[in-house]
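Quick notes on the structure that follows.
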There are 2 protein chains.
Amino acid sequence: MSSQDRIWTAGLLVIGDEILSGRTHDKNIAQIASWLQVQGIRLTEARVVSDNMDAIVAAVNALRASYDYLFTTGGIGPTHDDITVDAVAQALGVPVVVHPEARAILEDYYADKPGGLTEARLRMARVPEGASLIPNRMSAAPGIKWGNVHIMAGVPTITAQMLDALTGTLEGGKVLLSETLGSWVAESEVAQILRRIEKAHEAIQIGSYPFFREGRTGANFVIRSTDAEVLRTASQELAEALEAAGYPCTMGGI
Amino acid sequence: MSSQDRIWTAGLLVIGDEILSGRTHDKNIAQIASWLQVQGIRLTEARVVSDNMDAIVAAVNALRASYDYLFTTGGIGPTHDDITVDAVAQALGVPVVVHPEARAILEDYYADKPGGLTEARLRMARVPEGASLIPNRMSAAPGIKWGNVHIMAGVPTITAQMLDALTGTLEGGKVLLSETLGSWVAESEVAQILRRIEKAHEAIQIGSYPFFREGRTGANFVIRSTDAEVLRTASQELAEALEAAGYPCTMGGI
């Protein structure tokens, strides 16, 4: 089986009390999910845990064993609550070391900044032994790659830079394509139609996402397939079936 | 030990391909986390899984055993991809039954709507045997409570209604209080100060959340404690230490 024919999977571990307290809305799940789709990799599970060593270690080991790739976000800054590197190293069973290249990057970055490369800042050069670096053009402190584990920043704009650096470097399969049809209909009105169209095509999935907007009930129906031709046919059938039932729909969603 | 003195915990299971595809940004983690804090319950872990029976069953059983409460969101609508009730019932080892009260609510709600109570809509009256209902004033279809498991809607505005109905009904402990100090400083500049203040007080945690905004580097420092007096003292000490280091800060964050 070629790499194109199998499904490549990823797990994501979001680390941080700020997400679990409700203070900060996570943006990395959606950001990494979207990026993975373009790499031909499916985000299959995401977990959010607090800044707790045991919780991180357990989740890292569960997810890196279950999926082709593991991404973590958060907890790689210079402060006392940044324990991701230590936790991942413990999960991998390797010591934490200062990466010479990361140290050089930080020395350079902080050379002309007040305080220079302090002990706290040097924490950001620590990696699980054997790791390589993921460039961060925004704020110098790099992401970290060890085997199938990818340690990314918590700040979404920095994670975006790291994802950009990784683009095209991971082995993936066929890209999952999707088409969205939106209609001003209660999804319960058309549940039988959705079920029928999905059953008629082996290689598609249809998701139904209802909403209430401007005082009206609507839904977007997302058809997904790795086969562009099958996707096109199924989307057209669904659009026609909705139209015939009295619910014209908008390609691209509403 | 009274219920006030122990820490009450919750896990959250977000169910839905739309979150893992990156198409929809989850809002329920933050919403439920914030609500739980006010109930004196801490969201300790969240997981996101796809609309897959085995994945949901495994996560339900892991989380309901690990925490005092489990909340699920998503997958309780009328369409073929809504399999949460079936998956939770399988995890609990009980059959799925139609709840008479839920059926009556839906009959009433759909009495004057086109199509009436169709087979698809009746799916929303199905519950794991032995469950009670969580009222939904917005769109009739109720949430479901079975032991420590709470099955909520995926649409955040409906979940909000269900949370409102549950307010004050769950046993919890002391409410975790927080104070936020914001300063235009790179967190790496003040990492030692944060560490020192946190160590000086047993009953607090300090989180450091950096950001880049308007071309400047800043951070919010969130001090958390269940003890209002300790929180006040520690926050004041941190504010003074930051000020003394040349970084005046804004109470409430920036």
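Of note:
- Accessible area (Å², 1.4 Å probe, nearest 10) - B:Met53: 60 Å²
- Residue and distance (whole Å) for the chain B Cβ nearest the axis that superposes B on A: B:Arg47, 2
- Residues listed by number, segment B:31-52, amide nitrogen under 14 Å from B:Glu229 label point at 7 Å toward C-beta: none
- Distance in nm between pseudo-label sites at A:Glu107 and B:Glu129 (7 Å out along the Cβ direction from Cα): 7.1 nm
- Trypsin sites (Lys or Arg not before Pro) restricted to segment B:72-153 and DSSP loop, no more than 13 other C-beta within 10 Å: B:Arg137
- With R₀ set to 35 Å, the beta-carbon distance separating B:Ala245 from A:Asn61 gives a calculated FRET efficiency near 0.35.
- For segment A:1-100, a/c is not less than 1.5, where a ≥ b ≥ c are the root eigenvalues of the C-alpha gyration tensor, and a/b does not top b/c. That puts it in the oblate class.
- Average other protein chain Cβ within 10 Å of Cβ, residues A:201-210: 5
- Net charge of Cβ neighbours under 14 Å - reference A:Ala10; Lys, Arg +1; Asp, Glu -1: +2
- Across the identical copies, the label point of B:Ala65 (7 Å from Cα in the Cβ direction) is separated from its matches by 1.4 nm, in order from shortest.
- Calculated [222 nm] ellipticity per residue, helices only, for chain A: -10500 deg cm²/dmol; basis is -39500 (n - 2.57) per DSSP H run with n ≥ 4, divided by all residues, nearest 500.
- Taking a straight Cα-Cα cut-off under 20 Å and skipping sequence neighbours fewer than 8 places away in the same chain, the lysines within cross-link reach of B:Lys27 are A:Lys27.
- Gyration tensor (alpha-carbon) shape descriptor, segment B:7-66, a/c threshold 1.5: oblate
- Comparing Cα centroids, segment A:53-72 and segment B:16-36 end up 20 angstrom apart.
- Two-site FRET efficiency, B:Arg195 against A:Asp54, from Cβ-Cβ distance with R₀ of 35 Å, rounded to 0.05: 0.95
- Per DSSP, loop chymotrypsin sites (Phe, Trp or Tyr not before Pro) in segment B:39-72 with at most 14 further Cβ within 10 Å: none
- What the Cβ-Cβ distance of A:Trp184 and B:Val38 gives, at R0 = 30 Å and to the nearest 0.05, is a FRET efficiency of 0.25.
- Summed side-chain charge close to A:Met124 - residues other than A:Met124 whose Cβ falls under 12 Å, Lys, Arg +1, Asp, Glu -1: 0
- Cα→Cβ-extended label distance, 7 Å offset, between A:Arg6 and A:Glu214, nm: 4.8 nm
- Per residue value of the accessible surface for the protein assembly as shown (all protein chains in place, 1.4 Å probe), Å²: 42 Å²
- Peptides A:211-222, B:243-254 ranked from most to least packed, by the mean per-residue count of other Cβ atoms within 10 Å: A:211-222, B:243-254.
- Loss of accessible area when A meets B, both sides summed, Å² nearest 100, probe 1.4 Å: 4600 Å²
- Across peptide B:155-161, the mean count of Cβ atoms from other chains lying within 10 Å of each residue's own Cβ comes to 1.
- Residue (of B:Ile158, B:Leu106, B:Val49) at the positive-pole extreme of segment B:47-161, dipole from beta-carbon charges: B:Ile158
- Test item: A:104-115 mean partner chain Cβ contacts at 10 Å: 1
- Carbon plus sulfur fraction of accessible area for segment B:79-210, probe 1.4 Å, in percent: 51 percent
The values are calculated or read from the model by the stated rules, or taken from the named source; none is laboratory data. No experiment lies behind these values; they were computed from the predicted model shown. Please note: Cβ atoms are built from the backbone with ideal geometry, for glycine as well, and neighbour counts cover all protein chains shown. For the accessible areas, the whole protein counts, side chains as well, though only heavy atoms, and no ligand, DNA or RNA atoms are used. Shrake-Rupley method; radii C 1.70, N 1.55, O 1.52, S 1.80 Å.
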